[in-house]
Amino acid sequence: MSVIDYDAVVIGGGMSGLMAGIHLLEQGHTVAVVSRGDPAVCLSTGCIDVCGTGVDPMAGVDALPATHPYHLAGREKILAALDRFSEIMTDMRLPYAGNAGENRAIITPLGTTKLTCLVPRTMETSPRKPDEYIHVVSFKGLKDFYPSYITSARKNTGFSLYDAGVTTTMGIAARFEDRKFLSEFITWLKGLEIPDGKLAFPAVMGLEHPLSIMQEIQIELERWGFEIPTLPSSLPGIRLFKGLKRAFQAKGGDVYWGSPIASVERSAKNIEAVTIETKGRSTRVNGQAFILATGSFVSGGLFALRDEIQETVFNLPVAAPGPRDDWFNRDFFTPGHAIEGAGIRVGQDFRPLEGTLENLFVCGSIISGSEVMKYGCGHGLALATGLAAAESCAEALK
Amino acid sequence: MKFEHCIRCTICVENCPVFRVNPAFPGPKQSGPDAQRFRMDGEKSVDQWVQLCSQCKRCEIACPYGVDPAEIILKAQIKYAGEHMRSPANYLFANNYYLGTLGSLASPIANRIAATEFAKRTFNLMGISTYMPFPRFNLMSMNKGRRKLGKGVRKVVFFYGCFLNFNRPDVGRTIRELLVSLGLEVVLPHQVCCGLPALGNGDLELARRFATRNASILVEYINKGYDVIYGCTSCGLTLAHDYPGILNVQGGKKVAENSYNVSEYILKLIDEGAINPTFGPVDMRVAYHIPCHLRAIGIGYPAARIFAKIPGLAYDILDDHCCGLSGSYGFKRKNQATALAIGNQAAALIKESGAQVLASDCGACRMQLAHLSGLTALEPSEIITASLRKGASSA
């Protein structure tokens, strides 16, 4: 067995874990992020939903039930986390637009709108008025984006298709990183007769440099353009994840990727180490403190058995919403299935309430009562609780 | 079979470098777990496109559900190769070790011949690409010279691998000297190819023969208290993952448990208090390209942890792109365009980082990225050696 020591070990490489990791590094601690694989943020729209219940996100947060984990972080921490996030992404050259004062409605791939708070700058000019002309420019054979969903759902639209030579989201995005491809695309665009209005593109406009690619198109065409999120593979989600991961690594954080946690060593009050299944022999990662950021069911932090819900790393007690009969609504599409509220109950300091562990801090959607789908608060909650849990952890490490 | 755990989330597809640039490859999700549902023993393979997978293992690292598409595809590749005529390039690269042995012995002539137009045309006819100069063979291969160096309580076997052995013995010797300078006894027993090129070219039997031979030698040393240090991360992955896994050779588990990356081993010695080296300043900006197979071993990036101790050394970790060469994969003509397109993406980011040199733990990555970026490519041990020399002279 190999042994490696860190001040803090973060389990889970998603939004919340990386945010917590970055804060702890900035406080001068040595930090490792251990992740079983790429996080669910890669499948997301890349937009930061803070609270999607109304136009004012913070008023929405205030109105959430008293048991919602946002209240543990508090208004100030939420705003600080969003600011910090915006700074990080600007440093990583993937800047975000928007502020916590107001939600904006962006166009979805279905042609509907969704409320969100911060958006990648490539989506900044998504139209706010329903009758504004938008011209959808998509790509021949691209199966994960249907312009007709948008043109049929909205008035005043048109669309054109470009033959990129490849038909996948990742393939087209990679092509846009090639200057020659971009200039040919711009030349083709200039040849189209498009009514006055904005250009809408599926979010395939580059892997690493989407903003400069979009800016070049807008300058050359002399009109606004914006990206619309696609089905996974979702480039804005991937860019967001890679941006945060690179920020974490640039500050000196270590990543251990793709290895599940095989076992945990604990004493009465502390987690001493986690052992990861690395190739050949296992690796024991020691930590003074641990942060649990493994997410909810989709990300594998929680696992539902027939009559019981388990926390998959430390086997912490999970607060379940009653017996199985109460977990789901009769109608699948009615928002707010009770099971979404399942999770770990934590205190003001983000330590688990049940049990005696003192060096474990929990953040993200694994916290009980999160209900991120119902309230439209996934990434916002991840950032706010990630920062708050890390501050509490840093306090304990002093 | 683990393919049933796939929830079709497409995270593997997002991470596949081949899928990104080659429309003929349906990606790890479809070639792995999806197609696996239709594959049956005793039925001839029709999925020719599995050969387009470069076995970089990025899908495996990315998968949050432990499906391991790369391994499913590897098995399909071996099945396909067993049922169909293999190309001359497949045969040649599977037997890379013998090619290297010959090439190194005849290096003064072999290198000259390999550089001629005639040879290039012949290579092309055989399905071998020549976009990049063939790595030169070196007469003074690692297997020549002293078999045992240094003295110390800690004893290690250096598994240098074919590339360092035949093509860059200078780098191999740098690693060897580094280990000796840290007070280790270093033994270089007779060894053969790790078996990965044979495995990657569909020859499971040959791969198993190589592995059996190596395992019997290495286990003998391990039983005497030696640890194994590998000089290439792809050899390392093969020792650690395939010897006890798909190759299933006797002693494979023991080899896997006792094999270390060079930097990983140095850190282990430091952490255990066995050594306390002084790292002197190295004023340099390095783009540290993480080999896909180092990621796949799962031990993190040990060289980066040592870089962090070196004063003056600025480094960017670049782990989001594959170099595209993937051993012999990119040397096949049918993969040339793919390897170049992938490699150019990685090289563009390296140049963008403003680095003066690039570093990588894998010989193939260094060869490809040095060629495409125009920068000098170093083995991390070369940087560590420079730092320790400075440290020793100032002390």
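The values are calculated or read from the model by the stated rules, or taken from the named source; none is laboratory data. From a predicted model like this one, the values you see are computed outputs, not experimental measurements. Cβ sites come from the backbone with ideal geometry, for glycine too, and all protein chains shown count toward neighbours. When the accessible area is computed, the model is the full protein with side chains, heavy atoms only, and any ligands, DNA or RNA have been set aside. Shrake-Rupley method; radii C 1.70, N 1.55, O 1.52, S 1.80 Å.
Take the range A:224-277 and flag every residue that is within 12 Å of another protein chain (Cβ to nearest Cβ), assigned to a helix (DSSP H, G or I) and under 27 Å from residue B:307 (Cβ atoms). Passing the criteria: A:238, A:239, A:241, A:242, A:243, A:245, A:246, A:247, A:248, A:249, A:250. Residue B:27 falls short on exactly one of the conditions (1) under 29 Å from residue B:193 (Cβ atoms); (2) over 20 Å from the mean Cα position of the chain (by Cα); (3) small (Gly, Ala, Ser); (4) buried (at least 22 other Cβ atoms within 10 Å of the Cβ), and that condition is (1).
Note on the range A:109-119: among residues that are in a loop (DSSP other than H, G, I, E, B) and at pLDDT below 95, the one that is farthest from residue A:145 (Cα to Cα) is A:112. Screening residue B:343 with (1) out of contact with any Lys or Arg (no Cβ under 8 Å at 6 or more places or on another chain); (2) open to solvent by 30 Å² or more (accessible area, probe 1.4 Å) gives one miss only, at (2). Just one of the numbered conditions (1) aromatic (Phe, Trp, Tyr); (2) open to solvent by 10 Å² or more (accessible area, probe 1.4 Å); (3) touching a Leu at 6+ places or on another chain (Cβ under 9 Å) is not true of residue B:91: (3).
Counting the residues of the range B:7-47 that are within 12 Å of chain A (Cβ to nearest Cβ) and in contact with a Pro (Cβ under 6 Å, 6 or more places away or on another chain) gives 4. The condition (being free of Cβ contacts under 8 Å to residues at least 60 places away in the same chain and touching a Gly at 6+ places or on another chain (Cβ under 9 Å)) is satisfied by just one residue among A:309, A:276, A:291, A:271: A:309. Kindly check whether there is at least one residue in the range B:211-231 that is surrounded by 24 or more Cβ atoms within 10 Å (Cβ to Cβ), farther than 24 Å from residue B:264 by Cα and in contact with a Gly (Cβ under 8 Å, 6 or more places away or on another chain). No: zero hits. Within the range B:223-238, identify whether any single residue is outside any loop (DSSP other than H, G, I, E, B) and away from chain A (no Cβ under 14 Å), and answer yes or no. Yes, some residue in the range B:223-238 is outside any loop (DSSP other than H, G, I, E, B) and away from chain A (no Cβ under 14 Å). Applying the condition of being touching a residue at least 40 places away in the same chain (Cβ under 8 Å) and out of contact with any helix residue (DSSP H, G or I) (no Cβ under 8 Å at 6 or more places or on another chain) to the range A:43-61 and asking which residue is surrounded by the fewest Cβ atoms within 10 Å (Cβ to Cβ) yields A:55. Candidates are the residues of the range A:31-60 that are more than 9 Å from chain B (Cβ to nearest Cβ) and of a type in the set (D, E, K, R); the one that is farthest from residue A:78 (Cα to Cα) is A:56. Within the range A:311-329, restricting attention to residues that are open to solvent by 60 Å² or more (accessible area, probe 1.4 Å) and within 17 Å of residue A:353 (Cα to Cα), the residue that is nearest to the other protein chains (Cβ to nearest Cβ) is A:315.
Of all the numbered requirements in (1) among the polar types (S, T, N, Q); (2) open to solvent by 30 Å² or more (accessible area, probe 1.4 Å); (3) modelled with pLDDT of 95 or more, residue A:282 misses one, and that requirement is (3).
The residues in the range B:116-143 that are assigned to a loop (DSSP other than H, G, I, E, B) and surrounded by 14 or more Cβ atoms within 10 Å (Cβ to Cβ) can be counted, and the count is 15. The requirement of being among the β-branched types (Val, Ile, Thr), in contact with a Lys or Arg (Cβ under 9 Å, 6 or more places away or on another chain), open to solvent by 40 Å² or more (accessible area, probe 1.4 Å) and not in a strand (DSSP E or B) is fulfilled somewhere in the range A:348-357, by at least one residue.
Can you say whether residue A:189 is open to solvent by less than 10 Å² (accessible area, probe 1.4 Å), in contact (Cβ under 8 Å) with a residue 12 or more places away in the chain and over 30 Å from the mean Cα position of the chain (by Cα), as far as the supplied structure shows? Spelling it out, residue A:189 is indeed open to solvent by less than 10 Å² (accessible area, probe 1.4 Å), in contact (Cβ under 8 Å) with a residue 12 or more places away in the chain and over 30 Å from the mean Cα position of the chain (by Cα). For the range B:197-222, a residue qualifies if it is assigned to a loop (DSSP other than H, G, I, E, B) and closer than 18 Å to residue B:165 by Cβ, but none of them does. Would you say residue A:28 is free of Cβ contacts under 8 Å to residues at least 40 places away in the same chain and more than 13 Å from chain B (Cβ to nearest Cβ)? So residue A:28 passes the test. Contact annotation: residue pairs with Cβ atoms under 6 Å, 6 or more positions apart or on different chains, pairing a residue in the range B:233-248 that is closer than 20 Å to residue B:172 by Cβ with a partner that is open to solvent by 20 Å² or more (accessible area, probe 1.4 Å) and assigned to a helix (DSSP H, G or I), are B:233/B:293; B:234/B:196; B:234/B:293; B:237/B:293; B:238/B:196. Just one residue in the set A:181, A:176 is within 25 Å of residue A:106 (Cα to Cα) and modelled with pLDDT of 95 or more; that residue is A:176. When the helices (runs of 4 or more DSSP H) confined to the range A:1-97 are screened for residues that are charged (D, E, K, R), those reaching at least 3 such residues are found at A:70-91. Of the residues making up the range B:47-62, just one is touching an Asp or Glu at 6+ places or on another chain (Cβ under 8 Å) and either part of a loop (DSSP other than H, G, I, E, B) or open to solvent by 20 Å² or more (accessible area, probe 1.4 Å) (or both), namely B:60.
Of all the numbered requirements in (1) within 14 Å of chain A (Cβ to nearest Cβ); (2) more than 17 Å from residue B:52 (Cβ to Cβ), residue B:360 misses one, and that requirement is (1). Scan the range A:62-84 and give yes if some residue there is open to solvent by less than 50 Å² (accessible area, probe 1.4 Å) and either out of contact with any helix residue (DSSP H, G or I) (no Cβ under 9 Å at 6 or more places or on another chain) or of a type in the set (Asp, Glu) (or both), otherwise no. No; the residues of the range A:62-84 include none that is open to solvent by less than 50 Å² (accessible area, probe 1.4 Å) and either out of contact with any helix residue (DSSP H, G or I) (no Cβ under 9 Å at 6 or more places or on another chain) or of a type in the set (Asp, Glu) (or both).
With the condition kept exactly as written, say whether any residue in the range B:26-34 is part of a helix (DSSP H, G or I), over 21 Å from residue B:339 (Cβ atoms), touching a helix residue (DSSP H, G or I) at 6+ places or on another chain (Cβ under 8 Å) and basic (Lys, Arg). Checking the range B:26-34: at least one residue is part of a helix (DSSP H, G or I), over 21 Å from residue B:339 (Cβ atoms), touching a helix residue (DSSP H, G or I) at 6+ places or on another chain (Cβ under 8 Å) and basic (Lys, Arg). Listed by position, the strands (runs of 3 or more DSSP E) enclosed by the range B:256-323 that each have at least 2 residues that are facing another protein chain (nearest Cβ under 9 Å) and open to solvent by less than 30 Å² (accessible area, probe 1.4 Å) are B:259-261. The test for being within 30 Å of residue B:86 (Cα to Cα) and in contact (Cβ under 8 Å) with a residue 24 or more places away in the chain holds for residue B:337.
Taking the criterion of being open to solvent by 70 Å² or more (accessible area, probe 1.4 Å) and assigned to a helix (DSSP H, G or I), the residues of the range B:362-391 that qualify are B:371, B:389, B:390.
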